[in-house]
């Protein structure tokens, strides 16, 4: 009886892969071309070429950083999920890392 109850309890649970669904689009600072990260896992990701601006079309909040290791001292901005944007052009700020989740 205990085994059946436990298997029913845990058998119905689904484990999340902890990944954002959707796309994070950014304009590369090194060549002024668009780049996209699709369905990124939660955690820190390097923004290849740096980002001059970004659009978060994932289902998870993203935070952009001056440094590729996403250290707190380099935090630039939080970009809301589902269409949030960030623009570093007015202050010439370049992001090199992004953290999802």
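Relative contact order of region 54-101: 48 percent, from C-alpha pairs under 8 Å at least 6 residues apart in sequence.
Oblate is the label for region 24-77, because a/c, from the alpha-carbon gyration tensor with a ≥ b ≥ c as root eigenvalues, is 1.5 or above and a/b does not exceed b/c. If R0 is 25 Å, what FRET efficiency do you get for residue 89 and residue 42 from their C-beta distance, rounded to 0.05? The pair residue 89/residue 42 has a calculated efficiency of 0.35. Look at the alpha carbon pairs under 8 Å that are at least 6 residues apart: their mean separation over the length of region 20-100 gives a relative contact order of 34 percent.
Values quoted throughout were computed directly from the atomic coordinates according to the rules given, and no laboratory measurement underlies them. Values in this document were obtained by computation on a predicted structure and should not be read as measured data. So basically every Cβ, Gly included, is an ideal-geometry build from the backbone, and we count neighbours across all protein chains shown.
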